[in-house]
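Step one of this worksheet: look at the structure below.
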Amino acid sequence: TADGQSLQWDDLTTRLRAQTQAFSAVAATHPLAALRLLVECGGTAALTYFLRCIPPPADISKLTALDEILDESVELIVGAVSPAALTQARAPTRFGGIGLRRITPLSPIAHFASLAQCIQSLPLCAHLPRDLCLFPLIAHPSLFPFPQVTSLMSSVLGDGPYPKKIQKSLSLALDTAAFVLLHSSLPADEKARLISLTQHGSSLWLHLPK
């Protein structure tokens with residue numbers, strides 16, 4: 001039910017806040033270890049299952065509250081940072097970040113991808129084009145009332161066939177747009193540093209945002 005789903009979002013917020021507050025003691029002597037713990041507890045890999053299973057809440061503030069907790073946690077570990085540094089921290093490691101993805105745009109994408117995967121597995125869809133199987137889900141707001149996802153689907157995929165890995169495709173589009181915007185806003189030396197963090201092998205380390 002809607003009430004049950006709302007309680008699940010509240011529980012996630014409570015647990016994430018408790019976990020991140022516990023990192024302060026670690027951060028005092030081992031900031032990189034604390035950052036690693038933060039990524040493991042609040043990064044995309046830890047939250048994706050929840051985001052795929054639980055629909056986004058009707059109250060958008062529940063999502064922004066989670067994003068604020070993650071932002072505060074970064075500053076708890078590395079100190080006060082600029083908005084650009086927080087944007088970098090939110091990016092996946094392949095884009096020079098540390099994988100603390102923003103939950104607000106990711107939640108409807110992850111849930112949509114999960115629903116789409118379930119629909120495509122139905123026997124009815126076994127002999128139908130993937131686009132035709134997903135059309136009812138996209139076309140009717142009462143089934144999936146998140147126009148930002150359908151808009152992104154349209155801009156990313158156009159009239160072409162939908163990929164099997166829908167969440168990966170949509171997330172990549174979001175990440176790429178955020179990276180281009182961040183890169184364009186940085187001075188020359190920081191642009192070079194950001195590019196270097198996207199190179200092969202750099203993701204073996206968690207880079208503290210500057």
Can you figure out the FRET efficiency of SER121 with PHE50, using R₀ = 30 Å and their beta-carbon distance, to the nearest 0.05?
0.90
How do VAL39, VAL180 rank by accessible surface area computed with a 1.4 Å probe, from largest to smallest?
VAL180, VAL39
Most to least packed among 83-96, 52-65 [average Cβ atoms within 10 Å]:
83-96, 52-65
Quick one: which of 100-107, 19-26, 186-193 comes out on top by average Cβ neighbours within 10 Å, and what's the full order, highest first?
100-107, 19-26, 186-193
Starting from the amide H of ARG101, placed 1.01 Å from N in the peptide plane, find each other amide H under 5 Å away whose residue is 5 or more places distant or on another chain.
THR44
Can you compute 3J(HN,Hα) from phi for each residue in segment 99-116, using the Karplus curve 6.51 cos²θ - 1.76 cosθ + 1.60 with θ = phi - 60°, rounded to whole Hz and x for Gly and Pro?
x, 8, 5, 5, 7, 4, x, 6, 4, x, 5, 4, 5, 4, 4, 5, 4, 5
Residue-wise HN-Hα coupling along segment 58-63, computed from phi with Karplus coefficients 6.51, -1.76, 1.60 (Hz; x: Gly, Pro):
5, 8, 5, 5, 5, 6
Could you order LEU51, LEU115, LEU37 by accessible surface area, starting with the largest, using a probe radius of 1.4 Å?
LEU37, LEU115, LEU51
Rounded to the nearest 0.05, what FRET efficiency do GLU75 and GLN5 have when you use their Cβ-Cβ distance and R0 = 25 Å?
0.25
Can you work out ³J(HN,Hα) from phi for every residue in segment 18-25, in order, using Karplus 6.51 cos²θ - 1.76 cosθ + 1.60 and θ = phi - 60°, giving whole Hz and x for Gly and Pro?
5, 5, 5, 5, 6, 7, 4, 5
Kindly report, to the nearest 10 Å², the accessible surface of HIS30 as traced by a 1.4 Å probe over protein heavy atoms only.
110 Å²
Return the distance in nm (one decimal) between the two label points of a simple spin-label model at LEU172 and GLU190, each offset 7 Å from Cα along Cα→Cβ.
2.8 nm
What is the ratio of the Cα radius of gyration of segment 4-71 to 2.2 N^0.38 Å, where N is its residue count, to two decimals?
1.17
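The values are calculated or read from the model by the stated rules, or taken from the named source; none is laboratory data. Note that the coordinates shown come from a computational prediction; the quantities given were computed from them, not determined experimentally. Ideal geometry is used to build each Cβ from the backbone, glycine not excepted, and the neighbour counts take in all protein chains shown. Areas reflect the complete protein model, heavy atoms only, side chains present, ligands, DNA and RNA absent. Shrake-Rupley method; radii C 1.70, N 1.55, O 1.52, S 1.80 Å.
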